[in-house]
Amino acid sequence: MKVRVGINGYGTIGKRVASAVAAQDDMELVGVTKTRPSYEAHLACAAGYPLYVARPEQVADFEKDGLKVEGTLDDLMEKVDIVVDATPGGVGEAYRPLYEKAGVKAIFQGGEDHGLAGVSFNAYANYSEAWGANFARVVSCNTTGLVRTLFPLDRDIGVKRVSATLVRRGADPSDNKGSALNSLEPSLKLPTHHGPDVQTIMPWVEITTMAVKAPTTLMHLHCIIADLKKGVKESDVLAAWKDVPRVKLVSGKQGIKGTANIMEMAKDLDRPRGDLMEIAVWQDGIKIVGSTLYYYQAVHQESDVVPENVDCIRSMMKMEPDAARSIKKTDDSLGIGK
Ligand code: NAD
């Protein structure tokens, strides 16, 4: 029997998770909620995703716009086993009592605090920690990016200490507001929250981070310095990422000079929405000095967390005990690693 999934909050992350869930043969996308009859609501309907409204008073607006509404969020909760909450950061917290009352498991996103769910999730690093859990949180795009590359390095070589500078995109491409057009804005509260967030998954790694908001919408760029537990060669580092399909090696020599080229490559690969769910690491931008590793990676903030949500559903719903098998199933269905 398929696991029945609802999506609350059909924005940047929610619509992508909805498409990914709809692509799984062991899951059924029962419905998505919208707050306004926007073009995204019309597209959800056209894709055959049953539409629900977050609050009952919104039904009239949707119907006036010609949209068929299946019910409210409360109605949706009666039909699902698990909900992916992709409402704006901080809003998920207010919904937790509703999910709890309905007896529905819930996945929150990185905009919520770790304490709201008690389990922070990354499929490679701690799949089994979410096993059977009622609540879990898929960590933010930046934290997902850091854990994706650090976890295999720690597993195969050993990581003593990390310091990273995150050049963050100022806004998502479709946002109407975002960072200043001609300014780089450092996060003045240091170290930033990203290090402690990595530690919600890898508590044994010493990590500190700084961040700068940049006037770009495409991707985040991370500059990472990792003290390894032993002296290794660059080829050993590449070997640690070789069997990790959610890390994609790219090459400056082959013309991938920056994030714009990566996004173009994702379109050339015919990835849906032009997304790149893998973390892109420059293979010719890796350097070892003694036992210190330097590398750059780029994170497509709108999509890297999507496969993590799918695997988190499998772990929480006890559908697949083996992390590697869940990851492979998800990746095959979404074209990751191709
Ligand atoms: P978004 O603003 O693009 O989408 C949020 C959606 O929720 C919108 O469709 C909005 O209409 C809807 N919504 C607003 N209030 C609601 C309510 N009370 N009930 C139901 N729906 C409501 O936001 P997003 O970027 O998709 O972020 C969602 C979550 O994912 C946040 O926790 C965020 O921190 C996290 N996240 C975002 C990114 C990113 O780069 N965009 C990356 C990783 C994680």
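The values are calculated or read from the model by the stated rules, or taken from the named source; none is laboratory data. Being a predicted model, the structure only gives us computed values, none of them experimental. So basically every Cβ, Gly included, is an ideal-geometry build from the backbone, and we count neighbours across all protein chains shown. Just so you know, the surface numbers come from the protein's heavy atoms only, side chains and all, with ligands and any DNA or RNA stripped out. Shrake-Rupley method; radii C 1.70, N 1.55, O 1.52, S 1.80 Å.
General observations
- Ordering of 128-136, 226-234, 143-151 by burial proxy (mean other Cβ atoms within 10 Å per residue, highest first): 143-151, 128-136, 226-234
- Average accessible surface area per residue within the range 141-299, 1.4 Å rolling probe, Å²: 48
- Between the alpha-carbon centres of the range 207-222 and the range 159-188 there is a gap of 4 Å.
- Shown here for the range 55-97: trypsin sites (Lys or Arg not before Pro) in loop regions (DSSP other than H, G, I, E, B) with at most 12 other Cβ atoms within 10 Å, namely K68.
- The phi torsions of the range 274-283, fed into the Karplus equation with coefficients 6.51, -1.76 and 1.60 and a -60° offset, translate into couplings of x, 7, 10, 7, 7, 8, 8, 10, 6, 5 Hz, rounded to whole numbers, with Gly and Pro shown as x.
- Overall form of the chain per C-alpha gyration tensor (a/c, 1.5; a/b vs b/c): prolate
- Apolar share of the accessible surface for the range 141-299: 53 percent from carbon plus sulfur atoms, 1.4 Å probe.
- Residues considered: T192, T12, T33. Largest GNM mean-square fluctuation over the chain, using C-alpha springs under 10 Å, is found at T192.
- Cross-link partners of K229 among lysines, defined as those whose alpha carbon lies under 28 angstrom from its own and excluding same-chain residues fewer than eight positions apart: K160, K242, K248, K287.
- Mean residue ellipticity, 222 nm, helices only, the chain: the sum of -39500 (n - 2.57) across DSSP H runs of n ≥ 4, divided by residue count and rounded to 500, is -9500 deg cm²/dmol.
- For a modelled paramagnetic label at K242, 7 Å from Cα along Cα-to-Cβ, the residues of the range 282-299 in reach, with backbone nitrogen under 17 Å, are 283-284.
- Accessible carbon and sulfur surface of the range 1-134 relative to its total accessible area, %, 1.4 Å: 49
- Amide H within-cut-off set for R161, under 5 Å, with H built and near neighbours excluded: D227
- Our note on the geometry: Cα centres of the range 11-85 and the range 308-338, 23 Å apart.
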